[in-house]
Structure formats: structure tokens, C-alpha cells
Amino acid sequence: MSLPVLHPMRLARRPEPFDHPEWIYEIKFDGFRSLAYIEDGRCRLVSRRRHEYTSFRQLQASIAELPVTNAVLDGEIVCLDPLGRSQFYQLMFHRAAPFFYAFDLLWLNGDDLRGKSLLERKRRLRSLLRTRKDSRILYLDHLERNGSGLFAKACELDLEGIVAMWKSGQYVASDRRSSWVKIKNRNYSQLERREELFERR
């Protein structure tokens with residue numbers, strides 16, 4: 001059975017961080033959002049707008065080595081500096097080897113996981129990725145409750161921001177009241193002249 005066409009969960013926006021016992025918080029890495037489709041020993045990386053990336057062959061080959069019959073992962077294609085911070089321009093201009101930071105598991109071995117809670121999906125994702133510690137695919141861990149603390153640290157380290165996620169939420173891409181929320185660092189240095197760059201392209 002071929003994998004279905006899935007749509008990525010949309011992110012709402014909030015201007016300020018918040019703390020809540022029913023939410024988890026992750027660093028927002030600055031890269032290319034992608035769904036990774038794995039089947040028949042191959043991996044396809046597909047953007048939010050259904051564009052298939054064709055310039056990450058080695059990364060796709062690494063992801064394809066996961067021990068699955070088929071799977072769909074949600075994540076971010078990134079380049080990282082020695083401290084693990086995402087470097088957008090290195091990714092944009094292919095100046096460094098890319099990684100795939102996986103933060104959700106939507107499908108695994110024929111089973112649609114989107115109806116399960118976020119924490120259950122992440123538990124299965126972590127278990128799956130433990131099998132490939134030498135891979136270019138990484139597990140994006142989370143922090144519970146303390147969104148404001150994580151956001152403060154993200155700003156201190158000059159990161160793009162954080163994502164807040166309702167830990168019991170299902171993966172419903174069409175939900176207008178998204179259970180995923182991004183809070184962006186207004187002083188993030190890598191945003192400088194970004195609009196000018198894309199206008200030229």
C-alpha cells in the first residue's frame with residue numbers, strides 16, 4: 001500500500017511565551033519544514049507547499065536507512081554550527097551538510113498515528129530514532145511546563161524562537177485552532193535582510 005498524501009500541521013502565532021502544564025515546548029530550528037516519506041527503501045522530502053526537495057540526496061539516503069516498512073515523519077531540514085544552533089544561510093547556499101530534526105511521527109508501518117496524542121507519537125518517534133545514533137536524522141526533544149524559561153534561553157542563544165504544542169493533541173492539519181503555536185525571537189540576528197534575499201530570488 002502506497003503512503004497517503006499528508007499535510008503538515010499548521011502553526012499559529014503568539015507574541016509572547018506562556019507556561020502551562022498541558023503544553024510542551026521545543027526550540028524552533030531555522031530551516032526548511034519537511035515531511036519525510038519513507039517507503040520501498042527510499043525517502044522523499046516534501047515541503048509544506050508540496051514541493052519535493054531534490055538537493056538533499058545524502059540526507060534522504062540516511063533517513064531511508066531507518067528500520068521501517070514505511071513511515072512519515074514531520075521535521076525540519078537544518079544546518080548546525082558546532083554548538084547545535086541552526087544556520088539558515090549555510091542551508092540555503094549548501095555550505096554545510098544538512099540534518100533532519102524530526103519532531104513528530106505521523107505514520108509507521110501501515111499505521112496512521114495522527115489520531116494518537118502528541119506525547120504518544122513522540123514516544124514512538126524517540127524509540128525509532130534510537131536505532132540510528134550515527135544518522136543525520138535527529139530527535140527534537142521537548143521541555144514541559146516552562147515555556148517562558150525556554151524562550152528566554154532561546155533569545156539568549158540567538159535562536160529563532162520556540163514552538164508550544166498541546167501534549168494531548170492529535171495531528172489535525174486542517175484545524176483552524178492549531179494546537180501548535182510558534183513564538184518568535186524578535187531580535188533573531190539571522191532574520192536581518194532575509195526578505196531582501198528572497199525578493200532577489
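The values are calculated or read from the model by the stated rules, or taken from the named source; none is laboratory data. Quick caveat: nothing in here was measured; it's all calculated off a predicted structure. Note that we place each Cβ from the backbone using ideal geometry, even for glycine, and neighbour counts take in every protein chain shown.
Quick check on the stretch 107-118. Is at least one of its residues at negative phi and in a helix (DSSP H, G or I)?
yes
Name the residue, out of Val72, Val68, that is modelled with pLDDT of 95 or more, in a strand (DSSP E or B) and either closer than 20 Å to Asp134 by Cα or within 15 Å of the chain's Cα centre (by Cα) (or both).
Val72
Quick one: count up the residues across the stretch 92-127 that are hydrophobic (A, V, I, L, M, F, W, C) and crowded, with 18+ Cβ neighbours inside 10 Å.
11
Just need a number here: residues in the stretch 61-91 that are surrounded by fewer than 19 Cβ atoms within 10 Å (Cβ to Cβ) and closer than 20 Å to Asp30 by Cα.
Number of matching residues: 8.
Out of all the residues in the stretch 101-158, which are in contact (Cβ under 8 Å) with a residue 12 or more places away in the chain and of a type in the set (S, T, N, Q)?
Asn109, Ser117, Thr131, Ser135, Asn146, Ser148
Is there any pair linking a residue in the stretch 176-201 that is at pLDDT 80 or above to one that is surrounded by fewer than 18 Cβ atoms within 10 Å (Cβ to Cβ) and hydroxyl-bearing (Ser, Thr, Tyr), with Cβ under 8 Å and at least six apart or on different chains, and which?
Gln190/Tyr89
Return only the number of the condition from (1) closer than 15 Å to Leu128 by Cβ; (2) touching a residue at least 40 places away in the same chain (Cβ under 8 Å) that Tyr25 does not satisfy.
(1)
Assess whether Arg132 counts as being surrounded by fewer than 22 Cβ atoms within 10 Å (Cβ to Cβ), assigned to a loop (DSSP other than H, G, I, E, B) and charged (D, E, K, R).
Details: surrounded by fewer than 22 Cβ atoms within 10 Å (Cβ to Cβ): yes; assigned to a loop (DSSP other than H, G, I, E, B): yes; charged (D, E, K, R): yes.
The answer is yes for Arg132.
Under 8 Å by Cβ, and 6 or more places apart or on different chains, what pairs join a residue from the stretch 85-96 that is of a type in the set (Phe, Trp, Tyr) with one that is loosely packed, with under 13 Cβ neighbours inside 10 Å and at pLDDT 95 or above?
As it stands, the answer is Tyr89/Arg95, since those pairs meet every condition given.
So for the stretch 48-56 (the condition being in contact (Cβ under 8 Å) with a residue 24 or more places away in the chain and crowded, with 19+ Cβ neighbours inside 10 Å), does at least one residue qualify?
The answer is yes; a qualifying residue exists.
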